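Structure, as structure tokens:
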């Protein structure tokens with residue numbers, strides 16, 4: 001059974017600092033990995049999707065890397081802003097299946 | 001990406017009653033939808049996979065007779081919580097499986113269920 005772990009569980013940084021969020025998974029046989037943002041009481045917004053054949057994806061200030069062999073992904077958020085405050089979730093799907101296994105998330109607070 | 005809506009956004013019901021939650025794909029036809037449950041400060045747990053025109057596939061430990069799923073059209077899936085109890089209080093989120101090779105999932109805004 002796939003286990004997804006996110007460390008740290010919570011993070012507080014001053015505005016402008018770069019954020020580094022970690023995600024690890026126990027079974028390296030994945031189809032893709034997605035990073036999501038969740039605001040309190042809201043649904044999920046997809047940030048980045050990395051297919052298993054890729055090593056990274058970038059979108060604006062966000063960059064996600066994937067090392068499938070070691071079962072790790074890292075989400076980098078450059079020059080953080082108070083509006084980046086949210087919970088960030090990573091999720092992986094296995095080959096030949098669409099089911100996502102989620103980590104518990106990292107709750108980020110960016111202080112103005 | 002796909003636009004997904006859920007209705008209602010929040011609902012309070014009395015113990016023993018049933019509640020229906022709708023999930024709609026607004027801009028494309030979704031043959032596959034998923035239902036998740038999220039307890040406070042915990043991550044999302046997949047409850048079931050909803051396939052248009054066929055029976056839903058439930059994850060281990062999820063009671064299919066308690067959580068009835070109907071996916072009667074390509075744009076609508078419903079989750080009915082039957083004989084709800086306080087322990088069913090949770091945040092229920094649906095997602096639709098996007099078309100194309102990446103198989104990205106797009107999520108609805110969620111429904112907060114409180115059973116008193």
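Throughout, read-outs are computed from the coordinates displayed, never taken from laboratory work. For clarity, every value in this text was computed on a predicted model and none was experimentally measured. Note: ideal-geometry Cβ built from the backbone for every residue, glycine included; neighbour counts use all protein chains shown.
Rounded to two decimal places and with Rh computed the Kirkwood way over Cα pairs, what is Rg over Rh for segment B:62-116? Mind dumping the intermediate values first?
Details: Rg = 13.4 Å, Rh = 13.0 Å.
Ratio value, two decimals: 1.04.
If I take the Cα coordinates of the protein assembly as shown and project them onto the principal axes, what are the three extents in Å, biggest first?
49, 38, 33
Rounded, prolate or oblate for segment A:1-56? Axes are the square roots of the Cα gyration tensor eigenvalues, ordered a ≥ b ≥ c, and the cut-off for rounded is a/c under 1.5. Can you show the working numbers first?
Details: a/c = 1.68, a/b = 1.60, b/c = 1.05.
It comes out prolate by the Cα gyration axes.
Cα centroids of segment A:19-68 and segment B:49-76: how far apart, whole angstrom?
Spelled out, the Cα-based centre of one part sits 27 Å from the other.
Defining a contact as two alpha carbons under 8 Å apart and six or more residues distant in sequence, what relative contact order in percent does chain B show?
Details: 290 pairs, mean separation 42.1, N = 116.
Here the relative contact order equals 36 percent.
Give me a single rounded figure for A:44-52: the average over its residues of other chain Cβ atoms within 10 Å of their Cβ. Could you put the intermediate results ahead of the total?
Details: counts 11, 4, 8, 0, 0, 5, 1, 4, 0.
Counting Cβ atoms of other protein chains within 10 Å of each residue's Cβ and averaging gives 4.
Pick from A:66, A:48, A:11: which is most flexible by mean-square fluctuation in a GNM of chain A where alpha carbon atoms under 10 Å apart are linked?
A:11
Using a Gaussian network model on chain A with a 10 Å cutoff between Cα atoms, which of A:33, A:62, A:89 fluctuates the most?
Evaluated over chain A, the most mobile residue of the options is A:62.
For the residues B:21, B:99, what sequence is obtained by ranking on other C-beta atoms within 10 Å, fewest first? Mind dumping the intermediate values first?
Numbers: B:21 24, B:99 13.
Ranked by crowding around the Cβ, least crowded first: B:99, B:21.
For segment B:8-84, place one equal point scatterer on every Cα, skip the solvent, and apply the Debye formula. What is log10 of I(q)/I(0) at q = 0.12, 0.14, 0.15, 0.27 Å⁻¹?
Computed log10 I(q)/I(0) values: -0.34, -0.47, -0.54, -1.36.
Please compute, for peptide B:38-45, the average count of beta-carbon atoms on other protein chains lying within 10 Å of each residue's beta-carbon. Walk me through the intermediate numbers first.
Details: counts 6, 0, 0, 5, 3, 12, 11, 2.
Partner-chain Cβ atoms within 10 Å, mean over residues of B:38-45: 5.
What is the P(r) of segment A:56-112, as percent of Cα-Cα pairs per 10 Å bin from 0?
Reading upward from the zero bin: 19, 46, 28, 6, 0.
By count of other Cβ within 10 Å, fewest leading, how are B:106, A:31 ordered?
Working: B:106 21, A:31 16.
Ascending Cβ contact count within 10 Å gives the list A:31, B:106.
What would the Debye equation give as log₁₀ I(q)/I(0) for segment A:11-105 at q = 0.20, 0.24 Å⁻¹, counting only Cα atoms as equal point scatterers?
-0.96, -1.30
Averaged over A:89-102, how many beta carbons belonging to a partner chain fall within 10 Å of each residue's beta carbon?
Details: counts 3, 1, 4, 0, 3, 0, 0, 0, 2, 9, 6, 7, 4, 7.
Going residue by residue through A:89-102 and averaging, the value is 3.
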